[in-house]
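Asker: Following this message is one structure expressed as structure tokens.
Every read-out reported here was derived from the displayed coordinates using simple, explicitly stated rules and does not represent laboratory data. Quick caveat: nothing in here was measured; it's all calculated off a predicted structure. All Cβ positions, even for glycine, are placed from backbone atoms using ideal geometry, and neighbour counts span all protein chains on display.
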């Protein structure tokens, strides 16, 4: 699993061709997403979120982690549906597996709660790194070129990484 994380993080597109159809690959992908989800949850634990008090840290961690996990499922579904409209033969399971592996840079989301300029910069880099990994995953899985893969990737990424967390965890204005 560590090899897959590293290969996805360095944007090695061959990893998605090497995945195979075995069920344990989906569990590895889910494990990578859960690591990213836990990282984001821990990063959000001290953030001021509308509707959550200071005593709701465990709930904030759970909701933040759930938003990453749901974001993975949403991004995969959007990429699958748009890919099918663009005549891809990839299955939903293949898309789910590939984007799960692509979530490797998501572990950097643990820096969300780091104050000063470091946290926001690292989180921004992580989100765009995740976009790049997702673009390669969709491109390889759906057998699209990078330009053709950009449409399903950017729509799914926007919904999963920006829209869904903002809806589930609206930050208070400071």
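Asker: Going by alpha carbons, how many degrees (0 to 90, nearest 10) lie between the helix axis of 118-142 and the longest principal axis of the chain?
Answerer: 20 degrees
Asker: For the residues 153, 124, what sequence is obtained by ranking on other C-beta atoms within 10 Å, fewest first?
Answerer: 124, 153
Asker: Note the angle between two axes, namely the Cα long axis of helix 92-102 and the longest principal axis of the Cα atoms of the chain, as a number of degrees from 0 to 90, rounded to the nearest 10.
Answerer: For 92-102 against the chain, the angle is about 60 degrees.
Asker: Sticking with this structure for a sec: I'd like the Kirkwood hydrodynamic radius of region 85-169, using the inverse of the mean 1/r over distinct C-alpha pairs, in Å.
Answerer: Answer for region 85-169: a Kirkwood hydrodynamic radius of 13.6 Å.
Asker: Something else: So if R0 is 30 Å, what FRET efficiency would residue 91 and residue 151 give, r being the distance between their Cβ atoms, rounded to the nearest 0.05?
Answerer: Between residue 91 and residue 151 the formula returns 0.95.
Asker: What percent does the relative contact order of region 2-168 come to when contacts are Cα pairs within less than 8 Å and at least six residues apart?
Answerer: 31 percent
Asker: Of the residues 31, 83, 71, which exhibits the maximal mean-square fluctuation in a Gaussian network model of the chain defined by a 10 Å Cα contact cut-off?
Answerer: Answer for the Gaussian network model of the chain: 31.
Asker: Please compute the modelled spin-label separation between residue 45 and residue 118, points set 7 Å along Cα→Cβ, answer in nm with one decimal.
Answerer: In this crude label model, residue 118 to residue 45 measures out at 1.7 nm.
Asker: Dividing the alpha-carbon radius of gyration of the chain by 2.2 N^0.38 Å (N being the number of residues), what value is obtained?
Answerer: 1.01
Asker: What ranking of 77, 167 emerges when the number of other C-beta atoms within 10 Å of each C-beta is taken as an exposure proxy, fewest first?
Answerer: In increasing order of surrounding Cβ atoms, one gets 167, 77.
Asker: Here's something else I'd like to know. Helix 146-157 versus the longest principal axis of the chain: what is the Cα-based angle in degrees, 0 to 90, to the nearest 10?
Answerer: Relative to the chain, helix 146-157 is tipped by roughly 30 degrees.
Asker: Would you compute, from DSSP H runs of 4+ residues alone, the mean residue ellipticity of the chain at 222 nm, taking -39500 (n - 2.57) per run and dividing by the full residue count, rounded to the nearest 500?
Answerer: That comes out to -22000 deg cm²/dmol.
Asker: Another question, if that's okay. If contacts are Cα pairs under 8 angstrom and at least 6 residues apart, what is the relative contact order of region 55-147 in percent?
Answerer: 26 percent
Asker: With a Förster radius of 25 Å, plug the Cβ-Cβ distance of residue 3 and residue 132 into 1/(1 + (r/R0)^6) and report the FRET value to the nearest 0.05.
Answerer: With R0 = 25 Å, the Cβ-Cβ based efficiency is 0.85.
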